[in-house]
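The structure under discussion appears below in the form of structure tokens.
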Amino acid sequence: MTTMVEERNGWSPDWAAHPGEHLAEYIETRGWSQAEFARLADLTPKLVSEIVNGKNPVTPETAIKLERVLGLRDYIWLGLQRDWDLHQARKKAMMVAPEEKSWLAQFPLKELKTQKLLPDTANDGSLLDALLRLLGVGDTLAYAAKCRGFAVQHRKSQSYESSPDHVFTWLMLGEQRARAMNLPLFDAAKFERAVREIRKLTCKVPSVFEPTMKRLCHEAGVAVMFAKPLGQTRLFGSAWWIDGNQRAIIQMSLRMKTNDHFWWTFFHECGHIALHRGKNFADDQNARGDGPEAEADRWAETIIYGRDRLPAILANPPMSEIGVRRLAEELDLHPGIIVGMLQHYDKLPYRNLNHLKAKFQWADEARA
């Protein structure tokens, strides 16, 4: 039987013995027949035989009688029965139906194994069990219900198609990380102040701005995290709510790995949090959006450039490196952000001035 220490340490055996096996050993050790033991315990010979052969459980009433006759505490007998019942239920749960095997194939199993989020096995039962745990659902039907309840609004890419299952998995991995952060309740005023402070960090290197932006947002009840794209997610970022819209998450993929995309994505997702409480968004850059997407865009533009400043810039855009640097210094922005904005609005060819952008790397890629 699994001990309390083993349970706390996360160890769980993949086997179990029916309490009838232990009862048979006790009876044999005492030199009794099953009929003799049945008389001593005030149980029917048939019941004793069925327990010994694993065809009947040890009930609490039976456990008390076993303790009285054999001395082994009643809760140990019940613990053996519990472990046996759980083992049988798990064996049944590990049997994968054809439709469940097809369901598994919808997910980026290879990547999840590489990240050690799923066991490195070809056993469908083990993979199904681990994936359901990862997604926080009891079975595939519950997964479908959870997806419907999540109701993320996609800003779909015009060039690439995302997999809803890959996207949902990526988001749920972020939610797991967020729940481990002990977030306070969302504070709208504190969040807007945090965003304005973070706006001052666009010229800093990641080792400076990353811990600061995460800390400021955390204090306002928003978890900010960076997570590698997973399979066919093809997203730049997402913003969503948890705990009855009391806490928020901003998750970014660092998909393009340049600072113009990074900072625009961040402030755009902040716009969703500030303006659209209770709604969930998954966004791709340059994709077609609806009303809320346009609202988040305008909110981000105001934070980055100031109210009504962007139209004037676009009416007379800088076209040279000197002009871009001069405007960036005036706005206290990294010049790469200016370049990205001008390219987005077709004021500057995409091949021009890209050397002004800062490039980011994942830590493991930097070490490779």
- Note on the structure: Apart from one, (1) in a loop (DSSP other than H, G, I, E, B); (2) not assigned by TED's automatic domain parsing to the domain that holds residue 233 all hold for residue 132; the odd one out is (1)
- Query: Does residue 155 meet the test of being among the basic types (Lys, Arg), in the same structural domain as residue 225 (by TED's automatic domain parsing), surrounded by 14 or more Cβ atoms within 10 Å (Cβ to Cβ) and modelled with pLDDT of 95 or more?
  - Reply: no
- Task: For residues that are basic (Lys, Arg) and at positive phi, tally how many sit in the stretch 227-243.
- Result: 1
- Message: Which numbered condition in (1) crowded, with 22+ Cβ neighbours inside 10 Å; (2) part of a loop (DSSP other than H, G, I, E, B) is the only one that residue 346 fails?
- Response: (1)
- Task: Could you list all residues from the stretch 211-221 that are in a helix (DSSP H, G or I) and hydrophobic (A, V, I, L, M, F, W, C)?
- Result: 213, 216, 217
- Message: Just the residues that are part of a helix (DSSP H, G or I) and free of Cβ contacts under 8 Å to residues at least 24 places away in the same chain, please, taken from the stretch 177-192.
- Response: 189
- Query: Mind checking whether some residue in the stretch 149-169 is outside any loop (DSSP other than H, G, I, E, B), under 18 Å from residue 269 (Cβ atoms) and of a type in the set (A, V, I, L, M)?
  - Reply: yes
- Note on the structure: Only one of 230, 183, 235 is closer than 25 Å to residue 164 by Cα and touching a strand residue (DSSP E or B) at 6+ places or on another chain (Cβ under 6 Å), namely 235
- Give the residues of the stretch 22-44 that are in a helix (DSSP H, G or I) and more than 51 Å from the chain's Cα centre (by Cα), sorted by residue number. 27, 28, 29, 30, 34, 35, 36, 37, 38, 39, 40, 41
- Message: Out of the residues in the stretch 194-208 meeting the condition of being of a type in the set (Val, Ile, Thr) and buried (at least 17 other Cβ atoms within 10 Å of the Cβ), tell me which one is modelled with the lowest pLDDT.
- Response: 202
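For every residue, the table says whether it meets (1) in contact with a strand residue (DSSP E or B) (Cβ under 9 Å, 6 or more places away or on another chain); (2) loosely packed, with under 15 Cβ neighbours inside 10 Å; (3) under 19 Å from residue 173 (Cβ atoms).
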site: 95; (1), (2), (3): no, yes, no
site: 110; (1), (2), (3): no, yes, yes
site: 113; (1), (2), (3): no, no, yes
site: 120; (1), (2), (3): no, yes, yes
site: 133; (1), (2), (3): no, yes, yes
site: 139; (1), (2), (3): no, yes, no
site: 142; (1), (2), (3): no, yes, yes
- Identify all residues within the stretch 107-135 that are more than 15 Å from the chain's Cα centre (by Cα) and touching a residue at least 60 places away in the same chain (Cβ under 8 Å); write none if there are none. none
- Note on the structure: Residue pairs qualifying under the 7 Å Cβ cut-off, at least six apart or on distinct chains, with the first in the stretch 324-353 being within 21 Å of residue 199 (Cα to Cα) and in the same structural domain as residue 209 (by TED's automatic domain parsing) and the second being in a loop (DSSP other than H, G, I, E, B) and of a type in the set (D, E, K, R), are 332/200; 336/357; 339/357; 340/357
- Message: Quick check on the stretch 257-264. Is at least one of its residues surrounded by 19 or more Cβ atoms within 10 Å (Cβ to Cβ), closer than 23 Å to residue 163 by Cα and touching a residue at least 60 places away in the same chain (Cβ under 8 Å)?
- Response: yes
- Task: For the stretch 234-256, state whether one or more residues are at pLDDT below 90, of a type outside the set (A, V, I, L, M, F, W, C) and over 23 Å from residue 334 (Cβ atoms).
- Result: yes
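The values are calculated or read from the model by the stated rules, or taken from the named source; none is laboratory data. As the structure is a computational prediction, the values presented were derived from the model and not from experiment. In this analysis, Cβ positions are derived from the backbone assuming ideal geometry, glycine residues included, and neighbour counts consider all displayed protein chains.
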